[in-house]
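The values are calculated or read from the model by the stated rules, or taken from the named source; none is laboratory data. In this text the structure is predicted, and so the values were computed from the model without any measurement. Because the Cβ atoms are built from the backbone with ideal geometry, glycine has one as well, and the counts that use them run over all protein chains shown.
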Amino acid sequence: MRTRVGIIGAGPAGLLLSHLLHLEGIDSVVLEIRSRAHIEARIRAGVLEHGTAELLRQCGLGERMDREGLLHHGTILRFGGRSRRIDFTELTGKSVMVYGQHEVVRDLVARRLADGGDIRFEVGDVSIHDVNTDAPSISYTEGGVARTLECDIIAGCDGFHGICRPSLPPGFIRDFDRIYPFGWLGILAEVSPSSEELVYARHARGFALLSMRSPTIGRFYLQCPPDDDAGTWSDDRIWSELHTRLADQEGFTLTEGPIIQKGVTAMRSYVAEPMQAGRLFLVGDAAHIVPPTGAKGMNMAVGDVAVLARALERQIRHNDSALLESYSQTCLRRVWNVQRFSWWMTSMLHNFDGANAFDEQVRLAELDYVTTSRAAAVTLAENYVGLPLAV
């Protein structure tokens, strides 16, 4: 079998790339090791940058998002018992959309299948070959039958633990890595939002985040040890800790509800350079991950996709390889800007083991400055709503 672009991974990056290529008349095949039901149920990120939401609208994928998503014009930073709001719309003229990653995936799968797209779920033994030649290929099994997909380009959209990045020769990739000394206990609860906007809370007992996935599903996080066991956290303990860390002097009331999911997420920043090798292009988590503090993971992947889709269109339709050759350089400039923001938010809002009283006061001073200086607030707001998809 042959296609122009072989895409490994049916997450938002792979599916969106396939959709954008289809709109340009460029064929692709998406290979995914998991089932359709699995990828559509996997709860991940939930905040879409302004540019991400606009791109989804422009390519015909915004109808359900605009109908069911929650448009947020700001966010709340809570520290020292005080709540201060960062007004995105007033500071930047932009907003963000709360709409779960799994909902984006559902929309993309439905649209690709309706358009006759080729998505192959539950494939196995995926491996890539000859990426430094003019004839790269992907081998895999489907229903126990060995198959080969010949293509012009391979897009590695298979996540941090996928096969694409590790398939490159040893020493080709330079890794930039930071492991944070804490994790997040995350829960989903059947509860209406206690706040109209996300609340980022710094507390002596650790960071907490009040988020949401829909008008009836709340998403909450608590800073915890990176190796903590979610099973040791009873529902009562979780709600008690959330009440403590999210409290403010104005009498904030947290609404409780049945907890339907809980788990601990490690915190890590990672970048692989370069993001391309011959005919293989790494996209999204395959090339970089960020701590979830700044709500950037899926948005970074969309930024990569926007660059790669345009570059492939120029190459395939106009025989112009300049954008494709500079893909890594173009993406990495934005990636490092987003990494800086996510690291800054994470450092400012969390407690670090071994930090002394001076360190703690500096972090509180930083929060005070961000929430009282317009210039500082603009910096946070323009990064949170999203830098241009290509900078």
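When the residues of the range 334-366 are filtered to those that are touching a helix residue (DSSP H, G or I) at 6+ places or on another chain (Cβ under 6 Å) and modelled with pLDDT of 95 or more, the one that is farthest from P274 (Cα to Cα) is E366.
Restricting attention to the range 232-262, the residues that are loosely packed, with under 15 Cβ neighbours inside 10 Å, within 17 Å of F182 (Cα to Cα) and not hydroxyl-bearing (S, T, Y) add up to 0. Check off (1) of a type outside the set (S, T, N, Q); (2) in a loop (DSSP other than H, G, I, E, B); (3) over 25 Å from R78 (Cα atoms) for D353 and give me the number that stays unchecked. Status for D353: all satisfied but (3). Among the residues that make up the range 262-280, is at least one of them acidic (D, E), at pLDDT 95 or above and not in a helix (DSSP H, G or I)? Taking every residue of the range 262-280 in turn, at least one turns out to be acidic (D, E), at pLDDT 95 or above and not in a helix (DSSP H, G or I). Applying the criterion of being among the hydrophobic types (A, V, I, L, M, F, W, C) and without any contact (Cβ under 8 Å) to a residue 60 or more places away in the chain to the residues of the range 86-123, the residue that is surrounded by the fewest Cβ atoms within 10 Å (Cβ to Cβ) is A114.
State whether the residues of the range 344-352 include one that is free of Cβ contacts under 8 Å to residues at least 40 places away in the same chain and loosely packed, with under 14 Cβ neighbours inside 10 Å. Taking every residue of the range 344-352 in turn, none turns out to be free of Cβ contacts under 8 Å to residues at least 40 places away in the same chain and loosely packed, with under 14 Cβ neighbours inside 10 Å.
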